[in-house]
Ligand code: MV4
């Protein structure tokens, strides 16, 4: 087993990984930027190293600084978390060169899956269904026109070096195609350093469904069922759940097995996700996310499998601790990403100091966070405050529990997107499980719903937040101290 892990990440995911380390008797090393001196994750670790200024390019994205900290601390493994260097083949390769175990797939598998055209071709070979489109990258207008004529319009042009929806262009008709091809190639070149693009038939308002995979170094791979992540805005997921209300047990088993088999075929090691779009009863492969994902807890809640621990075991050369037969999906779990952003003002980020903080609890509730009362959310990084996850025996119970937990959640001093989540949890189509990737745009009442809910809850919110306000708390503590002192003196 690895003995000491450096966590090349920050915030809630750094703490999530350190928690697994602590349970496994593994030492943890944090690296933090100058902006994160007071962050919880830097205090939680057994050791911590400052690796540079606030901008991520000078700290969390600096491969050499991370490697140097690993060497200095004597860490024998690095966990990259999500974002930052997580899917960077150069980083994985640097770890391999230094004899430090990168917790995740090999650099060559990362390179293969990072090239979306190559990944698509590999999945076709593995028998995974893909959206009709190209199996090579498209360079010439003539090529593009032929493919689009075969699939029919609309089509979508995607950068091969991209992923996650960045830089994609939807094309409605042949007249727009040539310009769209050129501009997408130009965007791809500047954003991802490579102009390669590919074309697919465009699916309108599909559902986003992804399978959680685990592969070990002994040639085993399993799936832990799926998550639905259709509630997203500008490629930022906001709500995820497992299982998807859209899948039948038959389709889950079929596609889960195909996905696991494909992972086996490419020699995938660690935790990963195979992303699909679901449209008119069918699943189509999109891309592989070769990392542990933000939304992994919903899968943990319904399967009781600790995905981060499995990843660490796999990196240590151990076989998976369970087989496909052992995987049982029980009940339903939902995750709300609690962000420092204003849902009433186009979701603009609202970093700042959290003056008062009270996290929900109780049965079936999990909060993964990296914040505390008086912590200041930095404008340098993504504005996620925490992840609130609720489990129920069925989806209805999970929703009821999530509503209850959202009511308990008090974050004073900054604006959060909690009202948005409250509105969605009351939305009739959400409650019925009628989801799609255009849900937020299509549900035009959400803004008014949020305002109505905030108005309705004002008395409750005020009553709860009053007991948490700093000034009053300090006054209350001094009062108690004075009384205690009085008793002590026998007064
Ligand atoms: C698509 C699609 C429709 N048809 N592919 C976005 C995330 C990335 N992993 C895949 N994405 C999409 N791929 C086909 N063939 C719709 C999306 C998509 C999307 C695309 C552009 C702008 C906004 C979007 C929002 C949700 C899904």
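Structural remarks
- The numbered conditions (1) surrounded by fewer than 24 Cβ atoms within 10 Å (Cβ to Cβ); (2) within 16 Å of the ligand (Cβ to nearest atom); (3) at pLDDT 95 or above; (4) within 20 Å of the chain's Cα centre (by Cα) are all true for residue 306 except (2).
- Of the set (1) within 16 Å of the ligand (Cβ to nearest atom); (2) part of a helix (DSSP H, G or I); (3) surrounded by 17 or more Cβ atoms within 10 Å (Cβ to Cβ), all apply to residue 422 but (1).
- If you go through the stretch 230-247 and keep only what is away from the ligand (no atom under 16 Å from the Cβ), farther than 17 Å from residue 328 by Cβ and surrounded by fewer than 24 Cβ atoms within 10 Å (Cβ to Cβ), you end up with just 245.
- Selection from the stretch 89-103 of residues that are in contact with a helix residue (DSSP H, G or I) (Cβ under 7 Å, 6 or more places away or on another chain) and in a loop (DSSP other than H, G, I, E, B): 100, 103
- Flag if residue 170 is touching a residue at least 40 places away in the same chain (Cβ under 8 Å) and either within 16 Å of the ligand (Cβ to nearest atom) or within 21 Å of the chain's Cα centre (by Cα) (or both): no
- Residue 430, sole failed condition from (1) in contact with a helix residue (DSSP H, G or I) (Cβ under 8 Å, 6 or more places away or on another chain); (2) in a helix (DSSP H, G or I); (3) more than 27 Å from residue 244 (Cα to Cα): (3)
- Listed by position, the strands (runs of 3 or more DSSP E) contained in the stretch 316-386 that have at least 3 residues being touching a residue at least 60 places away in the same chain (Cβ under 8 Å) and within 22 Å of the chain's Cα centre (by Cα) are 332-339, 365-369.
- Applying the condition of being in contact (Cβ under 8 Å) with a residue 40 or more places away in the chain and within 14 Å of the ligand (Cβ to nearest atom) to the stretch 173-201 and asking which residue is farthest from residue 129 (Cα to Cα) yields 197.
- Residues in the stretch 277-303 that are under 17 Å from residue 232 (Cα atoms), within 13 Å of the ligand (Cβ to nearest atom) and not in a strand (DSSP E or B): 293 alone.
- Within the stretch 202-229, being within 11 Å of the ligand (Cβ to nearest atom), touching a residue at least 60 places away in the same chain (Cβ under 8 Å), touching a strand residue (DSSP E or B) at 6+ places or on another chain (Cβ under 6 Å) and under 30 Å from residue 149 (Cβ atoms) holds for 203, 206, 207, 208.
- Matching entry among 255, 274 (being buried (at least 23 other Cβ atoms within 10 Å of the Cβ) and outside any helix (DSSP H, G or I)): 274
- Residues in the stretch 114-129 that are more than 10 Å from residue 286 (Cβ to Cβ) and assigned to a helix (DSSP H, G or I): 114, 117, 118, 121, 122, 124, 125.
The values are calculated or read from the model by the stated rules, or taken from the named source; none is laboratory data. Quick caveat: nothing in here was measured; it's all calculated off a predicted structure. Neighbour counts are summed over all protein chains in view; Cβ atoms, including those assigned to glycine, are modelled from backbone coordinates with ideal geometry.
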